[in-house]
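Step one of this worksheet: look at the structure below.
Every read-out reported here was derived from the displayed coordinates using simple, explicitly stated rules and does not represent laboratory data. It should be emphasised that the depicted structure is a prediction, and the values quoted were computed from it without experimental measurement. Cβ placement follows ideal geometry from the backbone for every residue including glycine, while neighbour counts extend to all protein chains displayed.
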Amino acid sequence: MNNNKQIIVVIFTLILISGTSLTSTSHDCNNFSQSNCVLPVDWPYEFNSQSVNITLIPGQSYKFSAVFYENYDYYIGFCTEEGGGNLQYRLLSTDVYLDEKYDPISNTGIPNIEFINTNTRIVIIEVKILRSSATIDVNNKQCVGIIIGSKKTDDNF
């Protein structure tokens, strides 16, 4: 029985060590958008807590829902790591459909969207880093930042 306890302690220790090494080598994208996405100097929005930072490999997509409230202006910005792949994003709701591609290297496409929201709605936001080849490299992890900003709509139109 004493031998079994030693084996369990050794196995538990090995699991802890291997978990620590996996964590320390993982691709950390926490706060990526706040520190790496370029915003206009006079950006009038407040960071919205629905902003996300994710890690994707080319060919992988990520989808989430965001609530956009009536009488607020919104900004949605997308960015990837320098040298990151082409980014495709889609916004889907009952009255909105947008499907765009953005190439951060050549700076082509639309990297952000601004709109006035007249009705409260749930929008599904989906992003995907497009693959440049048929092979998938699981080690080619890239940070993707999705910044959502909001401000109360001005009544002075």
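Observations, loosely collected:
- Relative packing of 118-128, 140-150, 37-47, which averages over residues the other C-beta atoms within 10 Å, highest first: 140-150, 118-128, 37-47
- Linear extension gain, D28 paired with E46, 0.36 nm per residue minus alpha-carbon span: 4.1 nm
- Subtracting the Cα-Cα distance of F115 and D137 from their residue separation scaled by 0.36 nm leaves 4.3 nm.
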